[in-house]
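Let me begin by presenting the structure, written as structure tokens, before commenting on it.
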Amino acid sequence: MNIQQFLDSKSWLFVLAVVVSLPAHADHELLNRDIVAGARLYQQQCASCHGANLEGQPNWRSPNSVGVLPAPPHDASGHTWHHDNALLFEYTMLGGSRALAIRGVIGFNSGMPAFNDILTDEEIWEILSYIRSTWPERVQKTQATRNAPH
């Protein structure tokens, strides 16, 4: 069957219906990652600020004496899951202030340093995948909806 015969046969409608019914993997960057490696990297690079159990620093919603917000929790009680994967990646790679400035948020005094000279892209994705793996399924699904399908 050539392409014209395929189109004339209306089989393409069936194929289209199947493709449209498949769930979009909007969070594919976090799929099939090494969560054990992510957990190890998190403990090495992130836990000193964000807590060994992803609990964050006390009073993380209130700026400290120099106007910087303490490190937030990355568990389900925090706001990490409110953000799309791209922002979480950029925030980790570039540091908080620079990542937000790229998105037009100027003057936010973030304490999050850049890890682009410390972690590879793959290591950042593994850390983010580990963090996500600790969230309840409902929170994981909600966070996935914040990602554009691609």
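The values are calculated or read from the model by the stated rules, or taken from the named source; none is laboratory data. Everything numeric here is computed off the predicted structure, so don't read it as measured data. All Cβ positions, even for glycine, are placed from backbone atoms using ideal geometry, and neighbour counts span all protein chains on display. Each accessible area value is taken on the protein alone, full model and side chains, heavy atoms only, with ligands, DNA and RNA left out. Shrake-Rupley method; radii C 1.70, N 1.55, O 1.52, S 1.80 Å.
Below are the figures for this structure:
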item: Candidates ARG33, ARG40 - the one that is modelled with pLDDT of 95 or more, open to solvent by 30 Å² or more (accessible area, probe 1.4 Å) and basic (Lys, Arg); result: ARG40
item: Residue count, region 70-92 (criterion: under 17 Å from TRP135 (Cα atoms) and touching a residue at least 24 places away in the same chain (Cβ under 8 Å)); result: 11
